[in-house]
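Working notes, beginning with the structure itself.
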Amino acid sequence: MPAAPAPARQPRPFQPQPWRDRRIEVILGNLLRTGVLFSAAVVLLGACIYLTRHAHEPADYASFAANPPNTAPSPESSKA
């Protein structure tokens with residue numbers, strides 16, 4: 001006697017995946033990746049804006065000041 005055919009699997013409605021470690025890792029990984037790409041885009045945009053505004057300015061090394069006035073360390077501050 002032949003075996004009875006197995007009942008057809010009924011499709012289950014979509015059920016969201018529970019919060020498991022792997023799912024949280026994927027979400028955080030995507031969030032971090034998005035943040036890094038966004039910050040890189042901001043830096044690249046700022047560099048482009050800076051270079052378009054200041055690319056043709058000559059460098060003036062004759063008036064270079066290592067310490068701006070009134071910010072040089074005083075001898076009294078170095079004594080402990």
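The values are calculated or read from the model by the stated rules, or taken from the named source; none is laboratory data. Quick caveat: nothing in here was measured; it's all calculated off a predicted structure. Note that we place each Cβ from the backbone using ideal geometry, even for glycine, and neighbour counts take in every protein chain shown.
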>> Give all pairs with beta carbons closer than 8 Å in which a residue from the range 20-47 that is surrounded by 10 or more Cβ atoms within 10 Å (Cβ to Cβ) meets a residue that is in a helix (DSSP H, G or I) and modelled with pLDDT of 95 or more; count only pairs at least 6 apart in sequence or on separate chains.
In response: none
> Which residue, of R23, R53, R33, R9, is part of a helix (DSSP H, G or I) and more than 22 Å from the chain's Cα centre (by Cα)?
Replying inline: R53
